[in-house]
Amino acid sequence: MSDSEGTTRTARLPQVTAEVRDDGTGQISVDGVVEAIRMANLQEAGAAITERIAALAGEVGAPVPVQVRDPDGMWSLVIHPDGLVDEAPSVTSDDEPAVASPEATDAARIAEAALAAAGAVGSTGVDLGTFDTGEPATAPSGAGAGAPVPEAVPPTASPTAGSATTGAAPTGSPTVSPTGPTTSAGAPGASSSSAAPTAGLPTSPSPLGPGTSADPTGATGAGAGSSAPRPAPTAADHVTAASLPTLDDLLAKRHPASTGPAEHGWRAGVRKATFGGVRLAPGRAERQRRVQTAAVRRTFDGPRTVVVLNPKGGAHKTTATMLLAATFGLQRGGYTLAWDNNETRGTLGWRSAHTEHQHTAVDLLHALPSLGGASTVRVGDLDGYVRTQVDEQFDVLASDESSASGSSMDAVSFASLHRVLSRFYRVLVIDTGNNMRASNWQAAIDAADQVVVVSTIREDTAQSAAWALDALRSTGHDDAVRRAVTILSAPDRKVDKDLRKRLHTHFGALTRAVVEVPFDASLVAGGPIAFESLRPATRDAWLRATAVVADGL
């Protein structure tokens, strides 16, 4: 093929980008002309986009390259006129290039040119800078020696639920945000003077990237507006905040994800559409879900107790207890208990699915002597006292719900129940009351393998959580506080960004990790919590939170 023929063929291939979303909507952009897609689900939207681009490929008489963005990120594909989908050709080894047809090579050249334009809106009408493959940008392979090379753009994190940021804390504690790091002021993960580098890793004098200043005034010793020449950049200068390791990276090293092709999203749809002919690797979000699942499922060397606390009502203690237990139960196949350790009456029983009985922890405590004592109780004996959550594979032990009862739990009662329940459950997630001075509250803290402090992103609940941690430190529980996990819940669709940043900074300095979970309308009514009714993003956020908790067990 002559150079002139190659130029003609490349010129007549359209530039195509596509996007598919979880709700089945999406769009195709062909040379800047955008066409909307609306289907029942993500897989059907992916099939519709494949069919549309295959028809386009038939019109031009050649395979068409396309950059496809799905909820997990972006993928480079080549779609043929007959509907066959291939990955865009790439180097298969360090020294052996992949073998590709001339048509596929031209398609790859167009795809690489689109990638090189990242950061600017090209003729496709889509901001290619929002596509993030997780790989460093490269110059177009078809560029001539004299062709201008796009200026390197500092990497930005993809706005997926699986992103995480290192904690802005003197202790270097990591934080995790469902929205991932952003560069907007006040957003989670935004660069700030409080960001602490991880010990032992090279850091850049300017976390904003080469050629920028971390000094908000723009002055760096020589004074603002100084014309003094800058020193030659070193390798350390190119380490940006986005390249530093995150909490998800730590989990990935401790709990390697299972291998295999994508099982969710657009990539899985391509595998099914090609009957396994194209087995795309999982995207970033799916890889993180696999790592988090491995963390939750790992083997413990004995029963583990997780204590959820905040001495203020309305802080989402009960919600957190239910959703942590549900995630442990679903991922570990049962053997998980959510226990309401309120000294009088709590609400855990109200948020659980109804069962044939309404017995509580007080009833079980009173029944222990008739069951033969703590050492002879059988697992079947507990069925009449715990409330099985069939769909989520965990049990609930409610606190006293009788309005006429005068019973209350104390430290001795807690110890008796904890000794029995630890024989039959691998993970116990304990919802505490609001009275930190109650002996059963203190007994739960003493028994905790992991403390979880929860708060909504509100001033009142956050102050209560901070006060609780101060109280624990003043009573000799410094180590429990350092190893604790903070879970921040969004109380509404919109939250105060400045407050969110302050809470991440404060609790990141005190506790091992800070995890943020999003607002979900299905939790607002206050009725029984059905895990499947949560939005996928909410379920993913709670999987991440549970993985971080499990990592401390």
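Determine whether the range 450-464 contains at least one residue that is closer than 19 Å to Asn341 by Cα, surrounded by fewer than 19 Cβ atoms within 10 Å (Cβ to Cβ) and touching a helix residue (DSSP H, G or I) at 6+ places or on another chain (Cβ under 8 Å). Scanning the range 450-464 turns up no residue that is closer than 19 Å to Asn341 by Cα, surrounded by fewer than 19 Cβ atoms within 10 Å (Cβ to Cβ) and touching a helix residue (DSSP H, G or I) at 6+ places or on another chain (Cβ under 8 Å). Could you tell me how many of the residues in the range 434-488 are part of a loop (DSSP other than H, G, I, E, B) and among the basic types (Lys, Arg)? Looking only at that region, the number is 3. Among the residues of the range 365-384, is any open to solvent by 10 Å² or more (accessible area, probe 1.4 Å), within 22 Å of Val296 (Cα to Cα) and not hydroxyl-bearing (Ser, Thr, Tyr)? No, the range 365-384 contains no residue that is open to solvent by 10 Å² or more (accessible area, probe 1.4 Å), within 22 Å of Val296 (Cα to Cα) and not hydroxyl-bearing (Ser, Thr, Tyr). Could we say that Thr299 is open to solvent by 60 Å² or more (accessible area, probe 1.4 Å), modelled with pLDDT under 90, of a type in the set (Val, Ile, Thr) and assigned to a loop (DSSP other than H, G, I, E, B) here? Considered against the rule, which asks whether it is open to solvent by 60 Å² or more (accessible area, probe 1.4 Å), modelled with pLDDT under 90, of a type in the set (Val, Ile, Thr) and assigned to a loop (DSSP other than H, G, I, E, B), Thr299 comes out as no. Scanning the range 13-40 for residues being among the small types (Gly, Ala, Ser) and over 22 Å from Ala88 (Cα atoms) gives a total of 3. Quick one: is Ala443 open to solvent by 10 Å² or more (accessible area, probe 1.4 Å) and at pLDDT below 90? No: the conditions fail for Ala443.
Which of the residues belonging to the range 523-532 are loosely packed, with under 13 Cβ neighbours inside 10 Å and within 21 Å of Arg289 (Cα to Cα)?
Glu532
Let's see how each residue does on (1) in contact with a strand residue (DSSP E or B) (Cβ under 6 Å, 6 or more places away or on another chain); (2) polar (S, T, N, Q); (3) in contact (Cβ under 8 Å) with a residue 24 or more places away in the chain:
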position: Arg502; (1), (2), (3): no, no, no
position: Thr505; (1), (2), (3): no, yes, yes
position: Gly508; (1), (2), (3): yes, no, yes
position: Phe519; (1), (2), (3): no, no, yes
position: Ala525; (1), (2), (3): no, no, no
position: Ala537; (1), (2), (3): no, no, yes
position: Asp540; (1), (2), (3): no, no, yes
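For the range 454-465, the count of residues that are farther than 12 Å from Leu503 by Cβ and of a type in the set (A, V, I, L, M) is zero. For residues in the range 338-348 being modelled with pLDDT of 85 or more and part of a loop (DSSP other than H, G, I, E, B), which is surrounded by the fewest Cβ atoms within 10 Å (Cβ to Cβ)? In this case the residue turns out to be Asn342. When residues in the range 487-519 are screened for being in contact with a Leu (Cβ under 8 Å, 6 or more places away or on another chain) and either at pLDDT below 95 or under 16 Å from Thr456 (Cβ atoms) (or both), 9 of them pass.
The values are calculated or read from the model by the stated rules, or taken from the named source; none is laboratory data. On a predicted model such as this, the values are computed, not experimentally measured, just so you know. Positions of Cβ are generated from backbone atoms using ideal geometry, with glycine treated the same way; all protein chains shown enter the neighbour counts. SASA here: full protein model, heavy atoms, side chains in, ligands and nucleic acids out. Shrake-Rupley method; radii C 1.70, N 1.55, O 1.52, S 1.80 Å.
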